Amino acid sequence: MLRSMNDLEKYTIAASDGHVGMVKDVLFDDLTWVVRYFVVETGLWLMHRKVLISPISIQKPNRWEHILPVLITTDQVKNSPNIDTDQPVSRQHEMDYLGFYGYPSYWGGTGLWAGGMYPYLMYPGYIDSLNGDEEIHKAEVAHQAVYEAVNQEHLATNESTNQENHQNKDPNLRSCQAIIDYHVHAKDGDIGHIAEILVEENTWAVRYLVINTSNWWGGHQVLISPEWIKDIDWLDESLTIDLTRQLVKDSPEYNSTEQINRHQEAEMYEHYGLTGYWARAPKANLVVPQ
């Protein structure tokens, strides 16, 4: 399921023994375009201190009450490393944070999350929590292996860059709030600006940028995949995609009041003559922690 970042910023993070606070921003990795942390403003109980929450600990979202349950305690949050979320998060900060919670590092593998696709598989003791269900365990291990295989060729082109940035050097974490209103250029001219960001709930991958084209041709909103980005100028707050203006103008319209489905995604990818991301990954019925 695809979720709007605008919607997620209305959610409350709920620990196992009480509320932590409200989501204020989301940090994503600009190499893989995957959400790595939620920036959460705590309440009076922690003097409104801002803390980071990893998707590794997130359980199934409660859409009706706008709650993101997490497998941590308020005491853990209170004693977690104090990281200034208004400043760039360094690799050392991440290592301290992940080490405190007992999480493995997400970088250095061939998948979205280390060697796999789903963050919750990295939660300490997750496999043990399956109550000895051998079939589920085998299915997940097989899924991880196949996922690595089908993505190996795609990742090979960026292998040296990924290895350099995902090991000892500082990560490329960006604020979702900060890139809203970035200008978007096609091969042959401007097309609009970023109005919204859509993420996939199970993997927390950024799947689409919602582009408002009304400033240029009085048009509609369209979806652009981060995979189609050719260049990003962070100082100029703009990005260039590897598509023409006309191709984008003729693409299917995105309606933010409706939940986008796989048929609509397929229609859009077909319009661009491209293969959908779901067709490049194996299908599997995995158990999402409740």
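The values are calculated or read from the model by the stated rules, or taken from the named source; none is laboratory data. Owing to the predicted nature of the structure, the values given are computational and were not obtained by experimental measurement. Glycine gets a Cβ as well: all are built from the backbone with ideal geometry, and neighbour counts include every protein chain shown.
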Within the stretch 34-45, residues buried (at least 23 other Cβ atoms within 10 Å of the Cβ) and either of a type in the set (Lys, Arg) or in a loop (DSSP other than H, G, I, E, B) (or both) come out as Arg36
Looking only at residues in the stretch 268-287 that are in contact with a helix residue (DSSP H, G or I) (Cβ under 8 Å, 6 or more places away or on another chain) and surrounded by fewer than 13 Cβ atoms within 10 Å (Cβ to Cβ), which one is modelled with the highest pLDDT?
Thr275
Would a scan of the stretch 60-76 turn up a residue that is free of Cβ contacts under 8 Å to residues at least 60 places away in the same chain, in contact with an Asp or Glu (Cβ under 9 Å, 6 or more places away or on another chain) and acidic (Asp, Glu)?
yes
Please state which of the following conditions Val23 fails to meet, knowing it meets all the rest: (1) surrounded by 22 or more Cβ atoms within 10 Å (Cβ to Cβ); (2) under 18 Å from the mean Cα position of the chain (by Cα); (3) among the aliphatic types (A, V, I, L, M).
(1)
Going by what's in this entry, would His48 be described as under 20 Å from Lys10 (Cβ atoms) and not in a strand (DSSP E or B)?
yes
Within the stretch 75-128, which residues are of a type in the set (D, E, K, R) and over 17 Å from Ser57 (Cα atoms)?
Asp84, Asp86, Arg91
Across the stretch 33-64, which residue is modelled with the highest pLDDT among those that are under 16 Å from Tyr123 (Cβ atoms) and basic (Lys, Arg)?
Arg36
